[in-house]
Amino acid sequence: MALLLSLPVICQAQSLEPPLTLLRYDEDYSYLHNPETRTGKWWEPLKFIPLTEKAYLTLGSEFRLRYESIENDNWGLAKDDAYLWLRFMPYADLHASNSIRLFGQLIIAEAIDREPVTPIDENRADVLQLFGDLVVPIGDDSTLTLRAGRQLLIYGSGRLVDVRYGPNVLQPFDAVTAIIKKKTWRVDAFYSRPVSVDVGVFDDKINDASRFWGAYLTCNLPKILAPTENGRAGIDIYYFGLDRDRAVFNGRAGDEQRHTLGARFFGKAENLDWDFEGFYQFGQFASGDIRAWSFASHVGYTFRHLRFSPRAGLKANIISGDKNPNDRDIETFNPLFPKAKYFGELTPLGPQNLINGHLDLSLSLTDKWKLLFSVVPYWRYSSEDAIYDIGGNIVRPGGGSTAPFIGVVWEPVLSYQFSRILEGLISYSQFFAGDFIKETGPDRTIRFVTLELLFKF
């Protein structure tokens with residue numbers, strides 16, 4: 001009888017556990033204030049350490065061990081490499097009251113056998129986040145949060161603003177942010193300076209050559225658009241501004257002031273899920289004008305009645321490139337601060353001057369084993385523009401060939417969820433060269449292997 005009486009409490013506590021997120025400050029463990037909601041898991045005493053009647057401290061961390069091996073990097077232009085990344089990110093979240101909060105997080109990232117070591121590979125010790133929040137009620141079910149300090153930013157799909165989680169070192173910002181939340185919508189406004197990450201100890205500093213600001217509105221749409229029990233639909237509308245003292249596009253350098261307007265429609269209903277997003281950019285580059293754009297889509301369908309619940313997905317991206325390298329204007333899209341594993345585990349190309357499809361099939365082999373298989377062909381949007389990496393650096397100049405086809409990637413990724421706090425994955429990728437690569441230099445097949453173990457609590 002005692003066991004039966006305890007089951008509702010256990011189920012309730014499990015349902016209250018927040019998902020582990022990229023932004024650890026979004027996780028709410030205040031439910032542990034009530035002893036009846038606790039399940040006895042070892043991490044619960046660290047997630048709610050009472051200090052006073054209203055104040056409590058949350059502690060947590062992440063440790064990632066990741067091995068990468070790449071053969072024929074840049075189709076043979078760059079040397080082969082194999083290395084080990086280690087990353088440790090402890091954090092402390094102090095809730096001094098219902099209105100005042102202080103969040104801090106360190107990063108310790110090491111690269112073993114990596115040559116050369118860059119700021120995305122190693123950061124021996126530094127402050128990743130340190131900010132304070134002031135939360136003010138502004139009406140029924142509405143709050144205003146004022147946040148200032150070093151912080152990670154991620155908005156929407158992460159196509160333009162993300163934490164750069166895939167490499168070893170994340171991208172922080174020194175920012176002032178205002179957040180208004182209501183039941184069905186949220187709006188963020190911020191002004192920031194990107195942080196220039198260095199490989200040493202506590203040597204990260206503000207990037208004085210770059211300024212980044214914006215406003216982002218997201219809201220839930222009426223249930224009629226996703227009428228099922230688990231269905232939902234939403235829309236994002238946003239603006240981002242970027243001012244850089246020096247930028248390089250298609251071999252030309254100059255000061256850049258770029259404005260991005262975007263909208264996103266996303267949701268799921270029954271077995272169907274979707275995500276459509278469009279961007280338009282304008283502004284000034286050196287003495288010329290900026291006119292760039294992009295459209296991204298992702299549609300998936302899950303066959304829940306079949307064995308392994310297969311989900312078939314189709315992504316398509318069209319991303320503008322520069323049509324005339326001899327005039328002053330720029331049509332090359334700037335993805336700003338995007339997620340690093342943009343197209344998959346192997347991502348030698350960034351979202352600039354591209355057309356690509358993305359066919360994927362995911363299988364839930366068991367409750368813990370997942371398999372994702374992807375095939376991704378790439379073309380250049382403009383035959384006059386280069387192809388770029390995720391950081392905006394030129395991978396191959398555009399002048400040596402008019403061929404649009406870059407090549408195709410195939411990639412299986414097998415993951416295993418040991419528990420809520422421990423997971424692992426293994427992937428193998430090959431990028432076969434297309435006509436453009438063959439006509440502009442070495443064209444050997446890129447081979448990429450990843451092994452990862454992630455512990456997070």
(request) Starting at the first residue of segment 28-33, write each ³J(HN,Hα) from the Karplus equation 6.51 cos²θ - 1.76 cosθ + 1.60 with θ = phi - 60°, in whole Hz, x for Gly and Pro. (result) 10, 10, 5, 4, 6, 4
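Sequence gap at least 6, Cα distance under 8 Å: using those rules, report the relative contact order of the chain to the nearest whole percent. Intermediate results must be reported in sequence, preceding the final value.
Details: 1223 pairs, mean separation 50.2, N = 457.
In percent, rounded to a whole number, it is 11.
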(request) Work out from phi, with θ = phi - 60° and the Karplus expression 6.51 cos²θ - 1.76 cosθ + 1.60, the ³J(HN,Hα) of each residue of segment 316-327, listed in order in whole Hz, and give x for Gly and Pro. (result) 9, 10, 10, 10, 5, x, 6, 8, 9, x, 9, 9
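What is the sum of charges, Lys and Arg at +1 and Asp and Glu at -1, for the other residues whose Cβ falls under 14 Å from the Cβ of THR184? All intermediate terms of the calculation are to be shown ahead of the outcome.
On the way: positive: LYS181, LYS182, LYS183, ARG186, LYS223, ARG232; negative: ASP140, ASP141, ASP236.
Net charge around THR184: +3.
Taking loop as defined by DSSP and a crowding limit of 13 other beta carbons within 10 Å, which trypsin sites (Lys or Arg not before Pro) in segment 148-217 fit?
Working: sites: ARG150, ARG159, ARG164, LYS181, LYS182, LYS183, ARG186, LYS205, ARG211; in loops: ARG159, ARG164, LYS182, LYS183.
Here the trypsin sites (Lys or Arg not before Pro) that fit, given the DSSP loop and packing criteria, are LYS183.
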(request) Select one label from (1) 91, 49, 38; (2) 76, 57, 44; (3) 75, 51, 50: the one whose number is Cα extents along the principal axes in Å as derived from the coordinates shown. (result) (3)
(message) Give the residue list of trypsin sites (Lys or Arg not before Pro) in segment 253-296 that are DSSP loop and have at most 13 other beta-carbon atoms within 10 angstrom.
(response) none
(request) Arrange VAL163, VAL136 by Cβ neighbour counts within 10 Å, fewest through most, would you? (result) VAL136, VAL163
(request) On a C-alpha basis, how far is the centre of segment 90-130 from the centre of segment 199-221 in Å? Whole number, if you could? (result) 15
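Provide the convex hull volume over Cα atoms per residue for segment 339-428, in Å³.
Numbers: hull volume 8.3 nm³, N = 90.
Looking at segment 339-428, the number lands at 92 Å³ per residue.
Tally Lys/Arg at +1 and Asp/Glu at -1 over every other residue whose Cβ is under 14 Å from the Cβ of ASN317; what's the total? Before the final figure, lay out each step's value.
Working: positive: ARG159, ARG264, LYS315, LYS339, ARG380; negative: ASP275, GLU277, ASP360.
Here the charged neighbours net out to +2.
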(message) Need the list of lysines near LYS79 for cross-linking: C-alpha distance under 19 angstrom, and skip anything on the same chain fewer than eight residues off.
(response) LYS438
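For the chain, what is the calculated [θ] at 222 nm in deg cm²/dmol (nearest 500), taking -39500 (n - 2.57) for each run of four or more DSSP H residues and dividing by its residue count? Intermediate values should be presented prior to the final figure.
On the way: 3 runs with 23 residues, N = 457.
Value at 222 nm, helices only: -1500 deg cm²/dmol.
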(message) On C-alpha positions alone, give me the angle between the axis of helix 2-16 and the longest principal axis of the chain, in degrees, nearest 10.
(response) 40
(message) Report, in listed order, any pair from LYS183/LYS370; LYS183/LYS315; LYS183/LYS268 with a Cα-Cα distance greater than 28 Å.
(response) LYS183/LYS370; LYS183/LYS315
(request) Apply the Karplus parameterisation 6.51 cos²θ - 1.76 cosθ + 1.60, with θ equal to phi minus 60°, to every residue of segment 130-145 and state each ³J(HN,Hα) to the nearest whole Hz, in sequence, with x for glycine and proline. (result) 7, 9, x, 10, 10, 9, 10, x, 10, x, 5, 6, 10, 9, 10, 10
(request) At most 11 other Cβ atoms within 10 Å and a DSSP loop assignment: could you name the chymotrypsin sites (Phe, Trp or Tyr not before Pro) in segment 40-148 that fit? (result) TRP42
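Every read-out reported here was derived from the displayed coordinates using simple, explicitly stated rules and does not represent laboratory data. From a predicted model like this one, the values you see are computed outputs, not experimental measurements. In this analysis, Cβ positions are derived from the backbone assuming ideal geometry, glycine residues included, and neighbour counts consider all displayed protein chains.
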